Amino acid sequence: MSLDTAPRLDADALLDDPQTRIVVCCGAGGVGKTTTAAALGVRAAERGRRVVVLTIDPAKRLAQSMGIDALDNSPRQVEGIEGPGELYAMMLDMKRTFDEIVEAHAEGDRARAILENPFYQSLSAGFAGTQEYMAMEKLGQLRARDSWDLIIVDTPPSRSALDFLDAPKRLGSFLDGRFIRLLTAPAKAGGRAGMKFLNVGMSMMTGTLGKLLGASLLRDVQTFVAAMDTLFGGFRTRAEATYRLLQAPGTAFLVVATPERDALREAAYFVERLEADRMPLAGLVLNRVHESGAAQLSAERALAAAETLDERGVDDAGSGAKSAGAAGTDTASTGGTDTADTTGGTGGTDSTGTEGAAALLRLHAERMQVLAHERRTRDRFAALHPEVPVTQVTALPGDVHDLAGLRDVAELLTAQEAPGA
Ligand SMILES: Nc1ncnc2c1ncn2[C@@H]1O[C@H](COP(=O)(O)OP(=O)(O)O)[C@@H](O)[C@H]1O
Ligand SMILES: [Mg+2]
């Protein structure tokens, strides 16, 4: 099973389908999730949909070009869309999203007590999984507003793509965990007679903790936890609702990967996880694929030709005869190792030309080896998951940091011909 026989992902059909309401771009770090999400957003808007893209960590120049470099945690319309639709974009401000939840679900003083609590501050600023959790939370909010007909979600730069799906549960179990309950108990148990016995244990316990942590720090933990306690039921419920949203028809996952072993292994795990969780996978985006305009010249032949040129260079240097300059390309294109050249020297000194040609052939050989390696890696993925539709985006010469670059990526993403085919 090779990639060439894998079904082709029709990304335009996916974007055009009015039933498609959410597209989630997942994958390992640095593979092009943010770029893909933004490119699909531009594409869908220019084809007529009203789209919002939730980006997580856009590169600064990309954010600037979309007009979302000011962090205000709400979608802004992107200028310069050429077509009937509209594009809104935002980047997730994790801490702000967390604060908004507290403000929405706790009243006045209580909200302030939480927001000012140092434990809340460190939790909201980057507890493992909070970014993923907040991305989900934001997605839920955007969907609830119902102002867009398509929401495209980028996912956080986690080491593992699975973190995005695991985070709500992990945060939930942290908030629900024994440590937290232990700490909450003294704060909650005050009035309850039945808790008296427990309370004695607890105050001893908190006494010890108080010595360890310092009394005021402990009070902070307790206030925080008691306050969160009223909230986390809500966290749970919403996380579960968003999780169900991800399973609903109308949601499509795109797994993004580069043709490298680790990224594709990650993609394979993710595909399996989506299947297990009954979440709809639309396909695989293979990004930053290398190709060559001279793929007909194999690495082996290019190297052989380079060697021939080297030998000739040495011979020529010895005999004083210079003849290899033009022959170099001949040798390469016939792929032969035939070094016979009887035309004799013209007396010119083109040994630098010969060296240059040999160096170029070696570079070409290196590139062909990269291509072959990428192909083997891709084929391995295709063999594991032959059912997954694939689209490929070639590695562009520069970074993608403006609408024109995003259009180029989108063009490749949605092309129905494999690059180089
Ligand atoms: N097809 C491509 N060709 C060239 N550069 C790309 C391509 N896709 C992404 N990039 C660049 O790679 C870098 C990482 O992409 P990004 O979308 O931020 O990855 P992720 O969100 O997965 O971490 C960015 O600098 C981006 O411009
Ligand atoms: Mg990113």
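Every number in this text was worked out from the coordinates using simple rules, so none of it is lab data. Quick caveat: nothing in here was measured; it's all calculated off a predicted structure. Using ideal geometry, Cβ is built from the backbone for each residue, glycine included, and neighbour counts are taken over all protein chains shown.
For the stretch 1-71, rounded, prolate or oblate, judged on the Cα gyration tensor with a ≥ b ≥ c (square roots of eigenvalues), a/c < 1.5 rounded, else prolate if a/b > b/c? Please report the intermediate quantities before stating the final value.
Working: a/c = 2.50, a/b = 1.36, b/c = 1.85.
Oblate.
With labels modelled as points extended 7 Å from the Cα through the Cβ direction, what inter-label distance (nm, one decimal) is found for A144 paired with A248?
Using points 7 Å along Cα→Cβ, the separation is 1.3 nm.
Work out how much length A59 to S351 would gain on full extension: take 0.36 nm times their residue separation and subtract the Cα-Cα distance, in nm to one decimal.
Working: separation 292, 0.36 × 292 = 105.12 nm, distance 4.56 nm.
Here the answer is 100.6 nm.
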